[in-house]
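> For reference, the structure I am asking about is given below.
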Amino acid sequence: MLISDFAIRRPIITVVSMLALTVFGLIALLRLQTDEFPDVAPPFVSVAIPYPGASPDGVEKEVLDPIEEQISTRSARSGATCPTRWKNRSSRS
């Protein structure tokens with residue numbers, strides 16, 4: 001006997017089981033604990049490396065390239081940006 005034959009021959013059992021599934025589903029939905037705004041920490045790392053007196057090209061070659069190589073070995077990495085800024089801290093007379 002197929003499921004469809006059973007459902008046609010005994011409609012009361014079919015209706016009661018559908019109602020029971022609906023009631024249990026609603027109870028489970030109401031008991032489900034959800035948070036509308038969960039605390040999520042985005043996977044973001046910021047590294048600041050002061051290197052006074054060096055040019056941006058020197059910092060990029062000596063510091064940033066090795067750090068980028070180490071970061072790029074991580075499997076979850078989607079992108080890396082390494083801006084170099086030149087700040088002249090020497091006093092001018």
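What follows draws every value from the coordinates through simple rules; no lab data is involved. Note that the structure is a prediction, hence the values are computed from the model and not measured. Cβ coordinates were reconstructed from backbone atoms using ideal geometry, including for glycine residues, and neighbour counts include every protein chain displayed.
> What number of residues within the stretch 12-56 are in contact (Cβ under 8 Å) with a residue 12 or more places away in the chain and in a helix (DSSP H, G or I)?
1
> Here is a further query. Out of everything in the stretch 1-59 that is aliphatic (A, V, I, L, M) and closer than 30 Å to Ile71 by Cβ, what residue ends up being surrounded by the most Cβ atoms within 10 Å (Cβ to Cβ)?
Val59
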